[in-house]
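The values are calculated or read from the model by the stated rules, or taken from the named source; none is laboratory data. All values reported here derive from a predicted model rather than from experimental measurement. Note: ideal-geometry Cβ built from the backbone for every residue, glycine included; neighbour counts use all protein chains shown. To get the accessible areas, we keep the full protein, side chains included, count just its heavy atoms, and leave off ligands, DNA and RNA. Shrake-Rupley method; radii C 1.70, N 1.55, O 1.52, S 1.80 Å.
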Amino acid sequence: MNELFSVQGKIVLVSGGSRGIGRAIAEAFHLEGARVVVSARNELSLKGTGLDYQVCDVADSGQIAACVDAVARKYGRINALFNVAGINFRFAAEIFPESRLDEILAVNVRGNYLMASRCGKVMVKQGRGKIVNIASLHTHESLPGVSVYGTSKGAIGSMTRALAVEWAAHNVQVNAIAPGFIRTDLNAALWERPEMRAWVEQRTPARRLGAPHDLVGTAIFLASAASDFLTGQVIYVDGGFTAGSPWPLEIPR
Ligand code: NAI
């Protein structure tokens, strides 16, 4: 691969990488020659995958510190963090259970912030690094029933800009990938419903749901030297969902 886009030999930590989007990113970086550490709440069976792992519940600041410090100690540096851990619960805003609100904010906002902060400490010291947060199309627009998730993903957008500005002079770039509708365990039940699939296919210019591998190219770009002057941006990888909608008008061509 061209040097510019190479992630060969880079130490990459994927937080929340046991499945779904995080796992796809972890496997892709491994294939491209990076040393990948997946962190997850429970011990993972990663035998034969070539991936390393650390236990880390991002709702626990002590576990975050221990995880990041262990990776930095073992490999001597951390080149990139993918902040992927995230959860969602759907309720109407007028009855949103406080306990669920706390859970979402503890993982999606507090956990991701503390993870970025701890990795940032290592990266500022080493004078380089890449942090890639996972935002959402909810960072840009809303749908009913997900007001707390939307709040948390809005915060990811602000956090991405805030950390980018704070660390730019230290050669640490902070960006976010905002996936559109990606079929994973997080939402599998939703996309089994034909009316939901029909809605997304009709509403998305690309006319399909995304898959985790659709995010991999942007992930590699954001961890490579090709993005060294790109920071504080939220990149929507959503088949055009946030750009606009198709319509049934016949277009002469
Ligand atoms: P998923 O449910 O398959 O993956 C979420 C990951 O986060 C899992 O590995 C889970 O174990 C981990 N996690 C949850 N709580 C954790 C905690 N306390 N500590 C450590 N890890 C924890 O879902 P998916 O779809 O792969 O989601 C990954 C990220 O992408 C999330 O931040 C999600 O909000 C975001 N996203 C997903 C979209 C989709 O359509 N699937 C769209 C937009 C954003």
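Observations on the model:
- If only residues of the range 121-176 that are of a type in the set (Lys, Arg) and not in a helix (DSSP H, G or I) are counted, the one that is most open to solvent (accessible area, probe 1.4 Å) is 128.
- Out of 195, 166, one residue alone is among the charged types (D, E, K, R), at pLDDT 95 or above and farther than 25 Å from residue 227 by Cβ. It is 195.
- Meets criteria (more than 26 Å from residue 178 (Cβ to Cβ), in a helix (DSSP H, G or I) and away from the ligand (no atom under 16 Å from the Cβ)) for residue 65: no
- A residue that is closer than 25 Å to residue 79 by Cβ and charged (D, E, K, R) cannot be found anywhere in the range 190-209.
- All conditions but one from (1) away from the ligand (no atom under 13 Å from the Cβ); (2) open to solvent by 50 Å² or more (accessible area, probe 1.4 Å); (3) touching a residue at least 12 places away in the same chain (Cβ under 8 Å); (4) part of a helix (DSSP H, G or I) apply to residue 77; the one that does not is (4).
- Among the residues of the range 36-56, the ones that are surrounded by fewer than 21 Cβ atoms within 10 Å (Cβ to Cβ) and either among the basic types (Lys, Arg) or under 16 Å from the mean Cα position of the chain (by Cα) (or both) come to 2 in all.
Residue-by-condition table, conditions (1) surrounded by 15 or more Cβ atoms within 10 Å (Cβ to Cβ); (2) closer than 20 Å to residue 18 by Cβ:
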{"site": "183", "(1), (2)": "yes, yes"}
{"site": "189", "(1), (2)": "no, yes"}
{"site": "196", "(1), (2)": "yes, no"}
{"site": "204", "(1), (2)": "yes, no"}
{"site": "214", "(1), (2)": "yes, yes"}
{"site": "219", "(1), (2)": "yes, yes"}
{"site": "241", "(1), (2)": "yes, no"}
{"site": "250", "(1), (2)": "no, no"}
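- Boolean, residue 96 is open to solvent by less than 40 Å² (accessible area, probe 1.4 Å), of a type in the set (Phe, Trp, Tyr) and at pLDDT 95 or above: yes
- Just one of the listed residues (85, 70) is closer than 24 Å to residue 179 by Cα, of a type in the set (Gly, Ala, Ser) and modelled with pLDDT of 95 or more, and it is 85.
- Extreme residue, farthest from the ligand (Cβ to nearest atom), among residues of the range 18-34 that are within 18 Å of the chain's Cα centre (by Cα) and closer than 22 Å to residue 72 by Cβ: 34
- Filter result for the condition that a residue is farther than 30 Å from residue 120 by Cβ, in a helix (DSSP H, G or I) and within 12 Å of the ligand (Cβ to nearest atom), over 199, 191: 191
- Qualifying residue in the range 95-112 (condition: part of a loop (DSSP other than H, G, I, E, B), out of contact with any strand residue (DSSP E or B) (no Cβ under 8 Å at 6 or more places or on another chain) and more than 15 Å from the ligand (Cβ to nearest atom)): yes
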